[in-house]
Amino acid sequence: MSDWAAKRFWSNVATECRDTQHVILLDDRLVKTPAKATLALPTQAMAETIAAEWDAQSDKIDPRTMPTTRSANAAIDKVTPQQAEVVALIAAYGEDDLLCYRAPAPQELIEQQKQAWDPILAWAADALYAPLRTVKGVTHIEQPANSIRNLTAQVEVQTPFQLAALHDLVSMSGSLVIGLAAQASAFEIDELWTWSRLDELWQIEHWGQDADADTTASIKRGAFLHANRFYKLCQKT
């Protein structure tokens, strides 16, 4: 395998506001996305975070150390040109939300799910006007049409940058309600992540976990927490 990597070619990193967007300058060059669009950002906070990622690069550029840049690239290159499809993909999670499918046994897990998940569903019913039904097992349960419309409406109003964050919050947790709760700061983000993994944690507690599974879980948790930070950077103050 080749060990080639792009090398740092700039001395100074700066941000600049142009109209209502913020751009990154490497010396006098605009930073571009992989698809060659200008990396135009919605907030100064996001621009400063991305500028810091570029400024921290040493001789060789390591994209793995630039998560905010990667998320912004995804928002521009992937979400923007297919926004309707991304909205539909995310909203579909509400039709089979993780929180609605409960373990039939053992009682210990049933109680853990009830204590953790019922308050989130209560929040969705109250704050999002989206009460959802629950069922024991994994057989599909039809949700109230009005609830699905209201959940979908929460997704439709989001910008491409917000959708990029929500996509990862939802896909990492398996729950649209958890993703929206994270965006609303309705619960602590670490609690939301833990609650999304109740079934896995119960299995680990009783049967143990191998190193590979532990590494995968750590990577997913990191992606979930990063998505939450990225969403906060989208918010104009």
Original post:
Which three extents, in whole angstrom, do the alpha-carbon atoms of segment 74-181 cover along their principal axes, largest first?
Top reply: 47, 25, 23
Original post:
About its Cα centre, how strong a charge dipole does the chain have in debye, to the nearest 20, once Lys and Arg get +1 and Asp and Glu get -1 at the Cβ?
Top reply: 640
**OP:** Would you please name the trypsin sites (Lys or Arg not before Pro) within segment 18-124 that are DSSP coil residues with at most 16 other C-beta atoms within 10 Å of their C-beta?
**Re:** 36
**OP:** Assign one of three labels to segment 132-237, namely rounded, prolate or oblate, based on the Cα gyration tensor with a ≥ b ≥ c the square roots of its eigenvalues; rounded applies when a/c is under 1.5, prolate when it is not and a/b is larger than b/c, and oblate otherwise.
**Re:** oblate
Subject >> Relative exposure of 100, 17, 234, judged by other C-beta atoms within 10 Å (fewest first) >> reply: 17, 100, 234
**OP:** Please work out the C-alpha center-to-center distance from segment 11-57 to segment 64-121 and express it in whole Å.
**Re:** 29
Subject >> Selected from 208, 222, 179 as most flexible by GNM, with the chain as the system and alpha-carbon contacts under 10 Å >> reply: 208
Original post:
Counting other Cβ atoms within 10 Å of each Cβ, which chymotrypsin sites (Phe, Trp or Tyr not before Pro) in segment 1-84 have at most 12 and sit in a DSSP loop?
Top reply: 4, 9
Subject >> Size of electric dipole in segment 1-87: Cβ of Lys, Arg +1 and of Asp, Glu -1, about Cα centre, debye, nearest 20 >> reply: 220
**OP:** Give the Cα extents of segment 1-63 along the principal axes, in whole Å, largest first.
**Re:** 43, 23, 19
Original post:
Once the piece of chain linking residue 52 and residue 10 is laid out straight, how much longer is it, given 0.36 nm per residue of separation minus the C-alpha distance between them?
Top reply: 13.8 nm
**OP:** Within segment 188-237, report the trypsin sites (Lys or Arg not before Pro) that DSSP leaves as loop and that have at most 15 other Cβ atoms within 10 Å.
**Re:** 236
Subject >> Estimated distance in nm for a label pair at residue 36 and residue 157, the labels positioned 7 Å out from Cα along Cα-to-Cβ >> reply: 3.8
Subject >> Among the listed pairs 114/232; 78/136; 78/232, those beyond 27 Å (Cα-Cα) >> reply: 114/232; 78/136
Original post:
With each run of n ≥ 4 DSSP H residues scored as -39500 (n - 2.57), what mean residue ellipticity at 222 nm is computed for the chain after dividing by its residue count and rounding to the nearest 500 deg cm²/dmol?
Top reply: -16500 deg cm²/dmol
Original post:
Considering only DSSP beta bridges whose two residues both sit in the chain, what percent are antiparallel, to the nearest 5?
Top reply: 85
Subject >> Percent breakdown of C-alpha pair distances by 5 Å bin, ordered from the shortest bin, for the chain >> reply: 1, 6, 13, 15, 16, 14, 11, 9, 7, 4, 3, 1, 0
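Each value in this text was obtained by applying a stated rule to the coordinates, not by laboratory testing. The structure presented is a predicted model; accordingly, all values stated were derived computationally and were not measured. Backbone-built Cβ (ideal geometry, glycine too); neighbour counts: all protein chains shown.
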